[in-house]
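Structure record follows, encoded as structure tokens.
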Amino acid sequence: MKAAYFAAAYKLDEQNKGMNGCSITIPMRPELKPGYPVYVQHIDCYYYVTGISHSFSFGGECTTSLTLTARRKKFMPPGDPNYNYAENARRAV
């Protein structure tokens, strides 16, 4: 049963990868490439880079604009991790 749950969660993530996207601008990071994971600290999740644009001006700022997709948040399985559901399976539903 547990394997079916994780397989379904994976399939759902795969189908929804284009649903959660965003664009951010950060200080110049020329080493980033499409497909790289990027951690966004203030929302505690990862995105994957799909587009990159660099801009700079002499005597001004240098920035990298990223187009991101496929947000990956921490996985929190359902239920109480401190409870043994094998003792009372009716509580698991």
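Looking only at region 5-28, decide whether some residue is among the hydrophobic types (A, V, I, L, M, F, W, C) and touching a Ser or Thr at 6+ places or on another chain (Cβ under 7 Å). Lay out the reasoning, then the answer.
So the first thing to find is which residues in region 5-28 are among the hydrophobic types (A, V, I, L, M, F, W, C), and the list is 6-9, 12, 19, 22, 24, 26, 28.
Going one step further and asking which of them are touching a Ser or Thr at 6+ places or on another chain (Cβ under 7 Å), we end up with 26, 28.
Yes.
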**Asked** Hey, M19 hits all of (1) under 19 Å from L68 (Cα atoms); (2) of a type outside the set (S, T, Y); (3) more than 18 Å from the chain's Cα centre (by Cα) but one; which does it fall short on?
**Response** (3)
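Values in this text are rule-based calculations from the coordinates and carry no lab data. These figures come from a predicted structure and were not determined experimentally. Using ideal geometry, Cβ is built from the backbone for each residue, glycine included, and neighbour counts are taken over all protein chains shown.
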